[in-house]
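Below: the structure, in structure tokens.
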Amino acid sequence: MWSLTLRLYISLIIVIGSALLKQNAWSMLSVYGVLALVWASILRARLPKLAALLGTELLFLSFLALPLGWQRASFLLVRSLICLLAMNSFLLTLPPHSFGIALKSLPLPSVFKQSLLLAGQYMEILLSEVERMQRGAQLRGLSGNAGWLRYASASMIGALYVRSLDRAERVYAAMIARGYTGEMPVTCELRPKETYIVILMSIIASSLTIASWLL
Amino acid sequence: MHIPDGFVSPSVAAVTGVATVAALAIAVKRANNAFGVRSAPILGLTTAFVFAAQMVNFPVAGGTSGHLLGGTLAAVILGSPWAATLCIATVLIIQAVLFADGGITALGANILNMGVVGVWVGWSLTQPLLRLLGGKRGRLPLAAGVAAGISVVVAAIVAAIELALSGTAPINIVLPSMTGIHILIGVGEGLITGGVLAYLATARPDLLPGEQREFRGWLVPVVSILLIAGVLSLFASAFPDGLDWVSEQTGFDKLGENVRVAVPTPFADYQVEGLDKIGTSIAGIVGSIVCFGIAFGLASIMKGAPAERS
């Protein structure tokens, strides 16, 4: 029912709108909170995975925010929670390899879209190479309490880069062979009804954000 | 060094945003050749690599931690600072939008600090440093490592200035503390950058730029002077010099207090008020630039027009 493009646009509107709110505009932030919750329930992201992601990211953010004092930190953390809820709900409900299709509709220079697409795809390669290197190290008996030191050494990081690059080059060659010319070979535009929804959401979000600065 | 939402004022966010958009517009035009069949996987992987590396914080003294900025590493591997600017900007956009790491309102400031200043300082220093070291390919890790370390410190200074202009913290507190901690983070950045490049030079030398012509022009003394004035001055001895010591011992140092007209000097004792050791570094760089400017101006006047000399 909801196209990839529409899902991306609505998620971004919630994220950007709430990020631009004035500090301590709690009433407007609560409206964004409701919007993000409704959006997450519409997208039906898997709750355990969503909660695990949000928990990890918030824990990391709290280290940055808490030294600022409770009043400031609480607003920053709630706002970050709303942004993360909207974007993670979108990302977790994406069909495999469809991030590039969703990106195509964004009004950004194609160089950026390519860079985002390739970075997203190669992240999977990097992670799988890390797992393979870990398995290789365990098979050679290189485990123990100080095992993490190996992964922090510069030559291991270099080896990870070279191994991932070999695979990344093969993936890119396969993409070219399948018709990739810098853009995904699919059409990805908003339908008229979807355009109205995006306009309506944009008006609501900009009204909330502007009101937070004026009131 | 990711500045979150609420740390920069709307005016600073707007100015840095405009500067960043301008820099990215130029980078998009200049980095078109980074998307060929040969280069696109390298750019994509380097972006993913820097993103992953920025998630891994390494411990720094005093209960804080730092992470790789990766600007110099990306610029050297990609062979273009424009492509590296795009790479770091992409990483920062992903972090801000998807992970709330670095604010969306501070995105302009973050890209300016890490993607523009960090990349360009690292790149601009790598080239002359490599030539200073003889131009041999094997010296690239050392040159890039030193440049990467310095680029982190310069990016931190710019971030501190932005925070001070925003009214978040006074300059005499935020500048020394940001610079001090980022000198340590810069050491980590330099070691990782140098180490990774040393490995790549052995495993995939085709990824790295070729040998450089040994540099004999004016950049050698200029870079050397800035390194001595800006970096080595931080380790200068705090003991009095020979005359000061003798004057203290013999008691005539009090005579200096009886001057009739006290002339105010902006960098008395090579210090900037309230900036501690970093003030020495800033005073050194400013002094070197002023000396260079005066000497250059005098030389230009003395040299005269070509017709006069003949």
Residue list for segment A:92-130, restricted to those being within 19 Å of residue B:28 (Cβ to Cβ), assigned to a loop (DSSP other than H, G, I, E, B) and hydroxyl-bearing (Ser, Thr, Tyr):
A:105
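Quick one: which of A:87, A:133 is surrounded by 13 or more Cβ atoms within 10 Å (Cβ to Cβ), in a helix (DSSP H, G or I) and either small (Gly, Ala, Ser) or at pLDDT 85 or above (or both)? It would help to see each step written out before you state the result.
Numbers: A:133 fails: either small (Gly, Ala, Ser) or at pLDDT 85 or above (or both).
From the options A:87, A:133, the qualifying one is A:87.
Based on this model, can you work out whether residue B:8 counts as part of a helix (DSSP H, G or I), over 23 Å from residue A:99 (Cα atoms) and either in contact with a helix residue (DSSP H, G or I) (Cβ under 8 Å, 6 or more places away or on another chain) or at pLDDT below 85 (or both)? Don't jump to the end; show me each part of the working.
Working: part of a helix (DSSP H, G or I): no; over 23 Å from residue A:99 (Cα atoms): yes; either in contact with a helix residue (DSSP H, G or I) (Cβ under 8 Å, 6 or more places away or on another chain) or at pLDDT below 85 (or both): yes.
So residue B:8 does not fit the description; no.
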Residue list for segment B:11-31, restricted to those being more than 7 Å from chain A (Cβ to nearest Cβ) and modelled with pLDDT under 85
B:29, B:30
Find all pairs meeting these conditions: Cβ atoms under 6 angstrom apart; at least six residues apart or on different chains; first residue within segment B:15-31 and under 23 Å from residue B:79 (Cβ atoms); second residue hydroxyl-bearing (Ser, Thr, Tyr) and crowded, with 17+ Cβ neighbours inside 10 Å.
B:27/B:85
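Let's see how each residue does on (1) closer than 17 Å to residue B:3 by Cβ; (2) part of a helix (DSSP H, G or I):
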| position | (1), (2) |
| --- | --- |
| B:75 | no, yes |
| B:90 | no, yes |
| B:95 | yes, yes |
| B:101 | yes, no |
| B:120 | no, yes |
| B:156 | yes, yes |
| B:161 | yes, yes |
| B:164 | yes, yes |
Among the residues that make up segment B:84-98, is at least one of them within 14 Å of another protein chain (Cβ to nearest Cβ), touching an Asp or Glu at 6+ places or on another chain (Cβ under 8 Å) and either under 24 Å from residue A:120 (Cβ atoms) or surrounded by fewer than 24 Cβ atoms within 10 Å (Cβ to Cβ) (or both)?
yes
Restricting attention to segment B:1-27, and to residues there that are surrounded by 21 or more Cβ atoms within 10 Å (Cβ to Cβ) and among the hydroxyl-bearing types (Ser, Thr, Tyr), which single residue is nearest to residue B:170 (Cα to Cα)?
B:16
If you check A:66, A:8, which single one turns out to be more than 10 Å from chain B (Cβ to nearest Cβ), in contact (Cβ under 8 Å) with a residue 40 or more places away in the chain and outside any loop (DSSP other than H, G, I, E, B)?
A:8
In this structure, does residue A:18 turn out to be in contact (Cβ under 8 Å) with a residue 60 or more places away in the chain and touching a Lys or Arg at 6+ places or on another chain (Cβ under 7 Å)?
yes
For residue A:119, state whether it is surrounded by fewer than 15 Cβ atoms within 10 Å (Cβ to Cβ) and either at the interface with chain B (Cβ under 10 Å from one of its Cβ atoms) or within 16 Å of the chain's Cα centre (by Cα) (or both).
no
Within segment A:1-47, tally of residues that are surrounded by 13 or more Cβ atoms within 10 Å (Cβ to Cβ), closer than 15 Å to residue A:205 by Cα and not hydrophobic (A, V, I, L, M, F, W, C)
7
State all residues of segment A:70-87 that are more than 17 Å from residue A:27 (Cβ to Cβ) and more than 8 Å from chain B (Cβ to nearest Cβ); if no residue qualifies, say none.
A:70, A:73, A:77, A:85, A:86
For residue A:99, the lone unmet condition from (1) farther than 30 Å from residue A:169 by Cβ; (2) modelled with pLDDT under 80 is (1)
So the check is Cβ under 6 Å with 6+ separation or different chains; which pairs have a first residue in segment A:162-176 that's more than 7 Å from every other protein chain (Cβ to nearest Cβ) and a second one that's part of a helix (DSSP H, G or I)?
A:163/A:129; A:167/A:125
Regarding segment A:30-45, can at least one residue be identified that is touching a helix residue (DSSP H, G or I) at 6+ places or on another chain (Cβ under 7 Å) and either within 12 Å of chain B (Cβ to nearest Cβ) or charged (D, E, K, R) (or both)?
no
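The values are calculated or read from the model by the stated rules, or taken from the named source; none is laboratory data. No experiment lies behind these values; they were computed from the predicted model shown. When we count neighbours, we look across all protein chains shown, and the Cβ atoms used for this are built from the backbone with ideal geometry, even at glycine.
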